[in-house]
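Accompanying notes for the structure given below.
The values are calculated or read from the model by the stated rules, or taken from the named source; none is laboratory data. Small disclaimer: the values here were computed from a predicted structure and weren't measured. Methodologically, a virtual Cβ is constructed for each residue, glycine included, from the backbone with ideal geometry; neighbour enumeration extends over all protein chains shown. These area figures cover heavy atoms from the full protein model, side chains too; ligands, DNA and RNA do not enter into them. Shrake-Rupley method; radii C 1.70, N 1.55, O 1.52, S 1.80 Å.
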Amino acid sequence: MLKKLQRRFVLIAMTALSFLLIVQLFAVNVVNIYQRDSQLCETLKIIADNNGSLPSSFESQMQGELGGFLINPFAPIEFNIETPYSTRYFVVEMRDGAVRKMSTKHIAAVSDKMAYEYAMHIYSNASPGFGLLGVYRYYYTDTGNSQLFVFIDAQKEFESAASLVTISIFVGIFTLIIILLPVTLFCKMAVRPVAQAIEKQKQFITDASHELKTPLAIISADAEVIELTGGESEWLSSIKNQTQRMSVLIKNLVNLSKIDEVQDDRKKDVFNISQTVSEVVDSFETKAKHDGKNLVVTTAPELKFYGCQEEIIQLVSILCDNALKYSDDGGTIRVSLYKSGKNICIDCFNTCENLDPSTVSRLFDRFYRADSSRSRETGGYGIGLSVAKAITERHKGKIRAVSFGTTGITFKVLMPMNSRFHKG
């Protein structure tokens, strides 16, 4: 349980850090793209307003304004005296589809013919305003008498933005890998008090159970002596029954305190689970007949399973015992074992009366009993299904309860099996 809690802490911490890092890097890239696009649009507007060309020079606006740039990251990249020489653009002016003016001297990759084709494509398919055609950002204005098309080669800006995105991804991944180690260490420190508290709780239960066993044994022995000397009575019978119940409860508490411990020392081996399940269910046949209930078992033949046979026996016993206790009078219990893909499935169905479907999800909670009065009659403590769940999870499996209205319920166990050991 502690390792699972630690992994969950690491997962939550890394998820939160990943989210924050993604948001930060996304914001950086969005601001970068916004700045570059704003500069392109501003340059296009200046060319259009300046009769199809950039001014011969710009006064440098970068001197003494670094602080202002940092304060407003959304401000476009400033122009400077090098802008006219670093900007690749071409201009086409038309009237009703006929070229009036064309300039391609500021770009080497576009000929007059290509410039005309670009302009005609926009004239035929787009409305006035800013747009994008291939790697060219354009600005289209229509005065009524003429149409002006200004294009800027934006490939450099695209490549720069893509490069920043790639760098951001690698930096983000590298950062998360670097952060994973300290996060894991800090999570271990955070879980340590929980581990100490759980260990103290287990120790308390163990110590208390040992202390309680002696007085219970004395009470039971005294009741036997009184019964031998004074004869049977209703009160002595009640004392013996309650003493026996207390002894069973203490035993269950001790088992419960150990249920979350990693039991690597439990022997795991390949065994015939078909035979094991059949033998366990058959052992409940006598009790089922005595209670007037019908017990049916169906197992796929010769299925092999790698796990702890002792725990699987305990798991099936818990399911059968639970089904017999809580099935209705004259009811039916069906236990099935079968293979589904690479999984072993164990289903235990029993009919029942007045089942509340809303309580099904809580049946695996420790000490939870859907019907307390019925549990007292049958001797249930609400621990068995918790143990069954723990055994299933130790075998990397899952267990769940499925209700059929108010008349029946099935406990379904799904555990992965090693494909080397099963038949078929």
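Summed over segment 385-411, the residues that are surrounded by fewer than 18 Cβ atoms within 10 Å (Cβ to Cβ) and either farther than 17 Å from T359 by Cβ or over 25 Å from the mean Cα position of the chain (by Cα) (or both) give a count of 8.
Answer yes if at least one residue in segment 347-364 is assigned to a strand (DSSP E or B), within 31 Å of the chain's Cα centre (by Cα) and within 18 Å of F271 (Cα to Cα), and no otherwise.
So far as segment 347-364 goes, no, none of its residues is assigned to a strand (DSSP E or B), within 31 Å of the chain's Cα centre (by Cα) and within 18 Å of F271 (Cα to Cα).
Quick check on segment 299-309. Is at least one of its residues more than 25 Å from F364 (Cα to Cα), surrounded by fewer than 16 Cβ atoms within 10 Å (Cβ to Cβ) and in contact with a strand residue (DSSP E or B) (Cβ under 8 Å, 6 or more places away or on another chain)? Checked against the condition, which is being more than 25 Å from F364 (Cα to Cα), surrounded by fewer than 16 Cβ atoms within 10 Å (Cβ to Cβ) and in contact with a strand residue (DSSP E or B) (Cβ under 8 Å, 6 or more places away or on another chain), segment 299-309 yields at least one hit.
Let's see how each residue does on (1) in a helix (DSSP H, G or I); (2) open to solvent by less than 50 Å² (accessible area, probe 1.4 Å); (3) out of contact with any Cys (no Cβ under 6 Å at 6 or more places or on another chain); (4) modelled with pLDDT of 85 or more:
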residue: S163; (1), (2), (3), (4): yes, no, yes, yes
residue: S168; (1), (2), (3), (4): yes, yes, yes, yes
residue: T175; (1), (2), (3), (4): yes, yes, yes, yes
residue: L180; (1), (2), (3), (4): yes, no, yes, yes
residue: V194; (1), (2), (3), (4): yes, no, yes, no
residue: Q201; (1), (2), (3), (4): yes, no, yes, no
residue: S209; (1), (2), (3), (4): yes, yes, yes, no
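Within the bounds of segment 288-307, is there any residue that is free of Cβ contacts under 8 Å to residues at least 12 places away in the same chain and not in a loop (DSSP other than H, G, I, E, B)? Yes, the conditions are met somewhere in segment 288-307.
For segment 317-330, residues that are open to solvent by less than 40 Å² (accessible area, probe 1.4 Å), closer than 14 Å to H290 by Cβ and not hydrophobic (A, V, I, L, M, F, W, C) total 1.
A count restricted to segment 1-51 and to residues that are of a type outside the set (A, V, I, L, M) and more than 23 Å from F174 (Cα to Cα) stands at 15. Of all residues in segment 148-175, those satisfying the criterion of being of a type in the set (A, V, I, L, M, F, W, C) and either within 30 Å of the chain's Cα centre (by Cα) or under 15 Å from N32 (Cα atoms) (or both) are A154, F158, A161, A162, L164, V165, I167, I169, F170, V171, I173, F174. Scanning segment 230-248 for residues that are in a helix (DSSP H, G or I), at pLDDT below 85, open to solvent by 60 Å² or more (accessible area, probe 1.4 Å) and over 24 Å from G384 (Cα atoms) gives G230, E234, W235. Here I312 clears all of (1) open to solvent by less than 70 Å² (accessible area, probe 1.4 Å); (2) over 29 Å from the mean Cα position of the chain (by Cα); (3) closer than 26 Å to T286 by Cα except the condition numbered (2). When K105, K113 are screened for being among the charged types (D, E, K, R), free of Cβ contacts under 8 Å to residues at least 24 places away in the same chain and assigned to a loop (DSSP other than H, G, I, E, B), only K105 passes. Where helices (runs of 4 or more DSSP H) fall wholly inside segment 1-97, the ranges with 2 or more residues that are modelled with pLDDT under 80 and open to solvent by less than 30 Å² (accessible area, probe 1.4 Å) are 83-86.
Inspection of segment 266-275 finds a residue satisfying the criterion of being at pLDDT below 80 and either open to solvent by less than 60 Å² (accessible area, probe 1.4 Å) or within 40 Å of the chain's Cα centre (by Cα) (or both). Pairs under 6 Å by beta carbon, first residue more than 20 Å from T143 (Cα to Cα) in segment 34-51, partner open to solvent by less than 60 Å² (accessible area, probe 1.4 Å) and among the charged types (D, E, K, R), six or more apart or different chains? Close Cβ pairs satisfying both conditions: R36/E157; L40/R137. Every listed requirement among (1) without any contact (Cβ under 8 Å) to a residue 40 or more places away in the chain; (2) open to solvent by less than 80 Å² (accessible area, probe 1.4 Å); (3) more than 30 Å from S237 (Cβ to Cβ) is met by S220 save one, (3).
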